[in-house]
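These notes are about the structure you will find just below.
All of the numbers you see were taken from the coordinates with simple rules; none came from a lab. All values reported here derive from a predicted model rather than from experimental measurement. For neighbour counting, all protein chains shown are included, and Cβ atoms are generated from backbone atoms with ideal geometry for every residue, glycine included.
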Amino acid sequence: MGIEPYFVADAVVGIIAQRLVRKLCKNCKVSRKTTEHEMKFLGITRARNIHDAKGCPACNNTGYKGRLGVHEILFIDEDIKELIQKRVSTEEIRKLAESKGMLSLYDTCREAVLNGNTTIRELASIIYEDE
């Protein structure tokens, strides 16, 4: 946009990314153990219970009812400001933010999968749409 990096670094306090994923229907979701491939995708070392969408009259046989917001919040602190002013890549900024505790869209949606609120398919849909 032609804006100097120091203007952005000084003006922005934080950046939020949000995606909506389908929320599993509480009446018909089906529990099962993760496969080896899913464990790798979720970054877990032992099998956990996750849920699949089945479908029932309460959810019009979709297996989902409602939406759930997953978020990524980047707080602009002095270290991030310095990287912005240096015009570093977004990947470098992301690495620093994650080292300081920022949770990515993947992280927050992963928790929703492991807590039984959405499916691993929904997680994959938000991760691979960005690439």
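Hey, can you rank 43-56, 109-122 by average C-beta count inside 10 Å, highest first?
On the way: 43-56: 14.3, 109-122: 19.5.
Ranked from most to least packed, the peptides come out as 109-122, 43-56.
Which one, 80, 93, 41, projects farthest toward the positive side of the charge dipole computed for the chain from Cβ point charges (K/R +1, D/E -1)?
Of the options given, the answer is 41.
Whole-Hz ³J(HN,Hα) for each residue in the stretch 29-42, computed from phi via Karplus 6.51 cos²θ - 1.76 cosθ + 1.60 with θ = phi - 60°, x for glycine and proline: what do you get?
With the stated coefficients, the stretch 29-42 comes to 4, 10, 8, 7, 7, 5, 7, 4, 4, 5, 4, 5, 4, 7 Hz.
Which of the three applies to the stretch 1-58, rounded, prolate or oblate, going by the alpha-carbon gyration tensor with a ≥ b ≥ c and a/c under 1.5 meaning rounded?
Numbers: a/c = 4.80, a/b = 2.11, b/c = 2.28.
Since a/c reaches 1.5 but b/c is at least a/b, the shape of the stretch 1-58 is classed as oblate.
Per DSSP H run of at least 4 residues, take -39500 (n - 2.57); add these up for the chain, divide by its residues and hand me the 222 nm value, nearest 500 deg cm²/dmol.
Working: 6 runs with 52 residues, N = 131.
Computed ellipticity for the chain at 222 nm equals -11000 deg cm²/dmol.
Please give every one of the lysines within straight-line cross-link reach of residue 81, meaning a C-alpha to C-alpha distance under 20 Å, and leave out same-chain neighbours fewer than 8 residues apart.
Partners found: 95, 100.
To the nearest Å, what is the center-to-center distance of the stretch 4-20 and the stretch 37-56, using C-alpha atoms only?
Measuring centre to centre over Cα atoms gives 34 Å.
Roughly how big is the chain's charge dipole about its Cα centre, with Cβ charges of +1 (Lys, Arg) and -1 (Asp, Glu), in debye to the nearest 20?
Details: 21 positive and 19 negative charges, 228 e Å.
The calculation lands at about 1100 debye.
Charges on Cβ only, +1 for Lys and Arg, -1 for Asp and Glu, centred on the Cα centroid of the stretch 1-128; of 30, 70, 116, which one is farthest towards the dipole's positive end?
30
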